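Throughout, read-outs are computed from the coordinates displayed, never taken from laboratory work. Here the structure is a predicted model, which means the values were calculated and not measured. So basically every Cβ, Gly included, is an ideal-geometry build from the backbone, and we count neighbours across all protein chains shown.
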Amino acid sequence: MLKYGYGGRVLRIDLTERRYNVEDLDPSWIKPVIGGRAANTKRLYEELDPDCDPFGPDNILIFGIGPLTGSFLTASAYYTVTAKSPLTGILGDSAAGGQFAAEMKLTGFDQVIITGKADELLYLLITESGVDFVDCPKYKGMVITETTEAIRRDKKDYSVQVAAIGPAGEN
């Protein structure tokens, strides 16, 4: 159940071990910040080793949404992705709009925190129940639109929302 616009849960995913853990979002932790970008920045500051290699498995990738995500407020359909930037060596983040953020809100997760490194190309199927780690070597080299279409076709569900990395992310 949403409280003050938050789903109240954080999803941590370890790609190396192919494990995940669901945590309750601490109200006292989220109260000083508003929105996915601020929460992601706080989380990165608190949990990331500043000396980690931005391209290495010790960097963390955080997807975050805010309390107004999925509401009827104009420009509320955004999520933010945050990590240590390989360009600057400090904060790097990007926001994207579309249905993905609203679907993330429906899972009840306010943040999805990804650590580690997968040994094979895979995608994460995230639902309110948890995570499935799906091997997908056949998607290698596909651009984002092709990957999105392939996942939807394979799942036989054209309402599935996809955040993909494309060939640049694979490299």
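Phi angles across the range 55-68 convert, under the Karplus curve 6.51 cos²θ - 1.76 cosθ + 1.60 with θ = phi - 60°, into 3J(HN,Hα) values of 8, x, x, 7, 5, 10, 10, 10, 9, x, 10, x, x, 9 Hz, Gly and Pro given as x. Other residues with beta-carbon under 13 Å from the beta-carbon of ASP26 carry, at +1 per Lys or Arg and -1 per Asp or Glu, a net charge of +1.
On average over all directions, what projected area in square nanometres does the chain have, based on the convex hull of its Cα atoms?
10.0 nm²
Here's how it looks for SER85: its modeled amide H is under 5 Å from those of ILE90, LEU91, GLY92, which are all 5 or more places away or on a different chain. Please compute the contact order of the range 71-123 in relative form: average sequence separation of alpha-carbon pairs under 8 Å and at least six residues apart, divided by the residue count, as a percent. For the range 71-123, the relative contact order is 27 percent. In the chain, helical runs assigned H by DSSP with n ≥ 4 each contribute -39500 (n - 2.57); averaged across all residues and rounded to the nearest 500, the mean residue ellipticity at 222 nm is -6500 deg cm²/dmol.
Treating r as the C-beta distance of VAL134 and LEU91 and R0 as 30 Å, the FRET efficiency rounds to 0.50. Mean separation of Cα pairs under 8 Å and 6 or more residues apart, divided by the residue count, gives the chain a relative contact order of 23 percent. Extension gain for the segment ASP58 to ASN21, taken as residue separation times 0.36 nm less the Cα-Cα distance, is 11.6 nm to one decimal. Considering only PRO50, PHE63, ALA101, the residue lying farthest towards the positive end of the dipole of the range 33-128 is ALA101, judged by Cα position with unit charges set on Cβ. For the range 39-100, the relative contact order comes to 30 percent (Cα pairs under 8 Å, sequence separation of at least 6).
Backbone geometry of the range 120-135 corresponds, through the Karplus equation with coefficients 6.51, -1.76 and 1.60 at θ = phi - 60°, to 3J(HN,Hα) couplings of 9, 5, 8, 10, 9, 9, 9, 10, 4, 8, x, 10, 10, 9, 10, 5 Hz, x marking Gly and Pro.
Taken about its Cα centre, the chain carries a charge dipole of roughly 560 debye when the Cβ of each Lys and Arg holds +1 and the Cβ of each Asp and Glu holds -1. Counting Lys and Arg as +1 and Asp and Glu as -1 over every other residue whose Cβ lies under 12 Å from the Cβ of LEU122, the net charge comes to -1.
Coordinate range of the alpha-carbon atoms in the range 36-90 per principal axis, descending: 41, 20, 17 Å.
Pairs from the list LYS84/LYS140; LYS84/LYS155; LYS3/LYS138; LYS105/LYS156; LYS42/LYS155; LYS42/LYS117 with a Cα-Cα gap above 31 Å: LYS84/LYS155; LYS3/LYS138; LYS42/LYS155.
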